[in-house]
């Protein structure tokens with residue numbers, strides 16, 4: 001019995017300690033951010049390309065099909081109430097406020113987060129980070145901060161592109177395939193969706209961008225420097241990001257109601 | 001005031017342990033300015049750890065390490081980075097940055113720390129690459145290099161800021177005899193011509209004998225013997241003799257601690 005309590009205590013205190021270190025690490029990243037943004041913005045641009053531009057294909061394909069599914073499901077259900085004209089509104093709310101930011105964050109974790117974590121973990125395992133330290137270059141500001149910022153900047157754009165392509169997908173299915181009136185489709189959307197809804201989506205995607213990038217960079221930097229350790233860090237990146245994104249999605253939605 | 005003292009690095013009463021395992025205890029040694037100093041010792045005695053302690057990638061539990069008479073544990077991060085600019089270090093596996101070409105790897109410290117023009121950087125980098133015989137490999141990526149070539153590029157990178165102190169971690173492993181000869185002469189020449197202080201970690205008794213001014217044999221967390229390679233070769237101590245002549249029997253056990261051979265084979269402890 002005492003053993004169980006002690007194990008629980010150990011696990012709990014370990015968790016609290018890791019969580020504290022995780023937050024301190026976030027402050028450390030932030031403290032290096034201004035100097036990197038001013039002096040080495042080229043590094044950040046490179047990483048926006050790596051995390052953002054290279055994720056475009058998967059984001060756009062997923063967006064197109066998610067939008068298409070919304071068109072099919074929306075039509076099937078709304079048609080029962082003769083409300084199939086509202087399908088544009090239905091899809092726009094779903095994409096801009098929820099599916100855009102959330103699915104983009106999950107895809108981002110799988111495509112860019114894993115790449116970041118394994119790259120940083122391997123740099124650690126092959127002494128590249130130590131070598132930088134020995135060359136009097138701080139790896140936190142030279143390697144981690146640009147990658148973190150790259151993800152933070154890329155995410156809102158990716159989410160916006162996801163929503164936009166998604167709406168195109170809905171349009172294709174609803175208007176071209178199921179002959180919903182094109183005027184009603186876009187007109188109703190324009191009248192109903194206002195700037196607050198779009199802001200909610202933007203706020204979410206910024207928060208998710210910070211979460212996903214930070215988790216990836218943290219896991220890579222703290223990976224055990226072996227092949228197995230880097231593999232585990234990559235897996236943890238996806239799992240932790242997915243959970244964090246879904247929890248934060250709930251919290252933000254509740255706060256914005 | 002210690003600027004002109006002969007002792008560049010002093011290790012005093014150093015204690016370092018990792019978990020329950022004590023790696024160094026009561027270690028003292030002095031590295032003289034302008035000399036080539038070698039750390040030798042059986043594997044697993046923490047020679048690489050000692051290098052990491054000297055450069056404060058690790059911090060000792062007890063004792064202190066002085067560079068130019070200053071305890072490096074007391075330096076702020078900014079001061080530490082300033083100190084490290086005086087060091088050049090060659091890592092065991094080269095540790096080249098895999099996302100940069102050979103040229104950019106060697107140029108890396110210059111781009112980070114100086115405001116030299118591209119023309120000048122090109123000039124310096126090609127000179128250093130030429131010294132290690134790899135000027136022709138400037139446009140290759142690190143993944144395309146063999147282990148020995150990567151180590152030579154890393155050497156060029158370690159030299160590029162013209163450091164006062166060059167640290168080599170196992171520089172001779174995996175080099176063919178030709179490259180090895182060139183590198184050994186290069187180490188010696190930089191030391192003689194530029195007055196660089198060099199620290200070499202190696203098992204290679206024969207190569208060390210040709211290049212080092214002073215060697216420390218490290219065993220059991222202490223300096224077991226020190227002196228010029230010639231002195232070590234004729235030393236009385238059983239441990240030094242065993243190491244210098246590569247004998248299987250002696251104070252250093254070749255076998256890792258294990259239960260009795262016969263008993264284990266007969267499976268008595270498995271039952």
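Rule-based calculations on the coordinates, nothing more; no lab input. If you're wondering where the values come from, they're calculated on a predicted model, not measured in any experiment. Using ideal geometry, Cβ is built from the backbone for each residue, glycine included, and neighbour counts are taken over all protein chains shown.
In the range B:84-155 the Cα-Cα distances spread across 10 Å bins starting at 0 as 21, 56, 23, 0 percent of all pairs. For residue B:86 and residue A:203, the FRET efficiency from 1/(1 + (r/R0)^6), where r spans their Cβ atoms and R0 equals 51 Å, is about 0.60. Computed on chain B, with alpha-carbon pairs under 8 angstrom and 6+ residues apart, the relative contact order is 24 percent.
The helix-only estimate of mean residue ellipticity at 222 nm for chain A, built from DSSP H runs of length n ≥ 4 each weighted as -39500 (n - 2.57), is -26500 deg cm²/dmol after division by the residue total. Of the residues B:9, A:4, the one with the fewest other Cβ atoms within 10 Å heads the list, and the complete ranking is A:4, B:9. Computed packing ranks the peptides A:184-195, A:145-156 as A:145-156, A:184-195, most packed first, by mean other Cβ atoms within 10 Å.
A simple packing score, the average count of other Cβ atoms within 10 Å per residue, orders the peptides A:104-116, A:81-93 as A:104-116, A:81-93, with the highest score first. Shape analysis of the range A:2-256 places it in the prolate category; the axes a ≥ b ≥ c from the Cα gyration tensor give an a/c of at least 1.5, with a/b above b/c. Between the range A:1-20 and the range A:123-165, the alpha-carbon centres lie 32 Å apart. Per-residue mean of foreign Cβ neighbours for A:135-141 is 6 (Cβ atoms of other chains, 10 Å radius). Could you please state, rounded to a whole Å, how far the C-alpha centre of the range A:37-56 is from the C-alpha centre of the range A:188-212? Between the Cα centre of the range A:37-56 and that of the range A:188-212, the gap is 23 Å.
Using the Cβ-Cβ distance between residue B:58 and residue B:79 with R0 set to 25 Å, the FRET efficiency works out to roughly 0.90. Counted by neighbouring Cβ atoms within 10 Å, the residues B:112, B:257 run from fewest to most as B:257, B:112.
Between the Cα long axis of helix A:182-192 and the first principal axis of chain A there is an angle of about 60°, rounded to the nearest 10. Mean per-residue shielding of peptide B:78-88 is 2, counting Cβ atoms of other chains within 10 Å of each Cβ. Look at the alpha carbon pairs under 8 Å that are at least 6 residues apart: their mean separation over the length of the range A:135-257 gives a relative contact order of 31 percent. Across peptide B:90-103, the mean count of Cβ atoms from other chains lying within 10 Å of each residue's own Cβ comes to 4. Taken over the alpha carbons of the protein assembly as shown as equal point scatterers, the Debye sum produces base-10 log I(q)/I(0) values at 0.07, 0.08, 0.09 Å⁻¹ of -0.55, -0.68, -0.80. Taking 1.567 mPa s as the viscosity and 4 °C as the temperature, the Stokes-Einstein diffusion coefficient of the range B:10-127 based on its alpha-carbon Kirkwood radius rounds to 78 µm²/s. Cα centroid separation, the range B:20-48 to the range B:53-110: 17 Å.
Working from Cα pairs under 8 Å separated by at least six residues, relative contact order for chain A is 32 percent. Taking a ≥ b ≥ c as the square roots of the Cα gyration tensor eigenvalues, with a/c under 1.5 meaning rounded and otherwise prolate when a/b beats b/c, else oblate, which class fits chain B? Cα axes put chain B in the prolate bin. Would you mind classifying the range B:103-251 by shape? Square roots of the alpha carbon gyration tensor eigenvalues, ordered a ≥ b ≥ c; an a/c under 1.5 is rounded, otherwise it is prolate if a/b is larger than b/c and oblate if not. Prolate shape, in that a/c is at least 1.5 and a/b is the bigger ratio.
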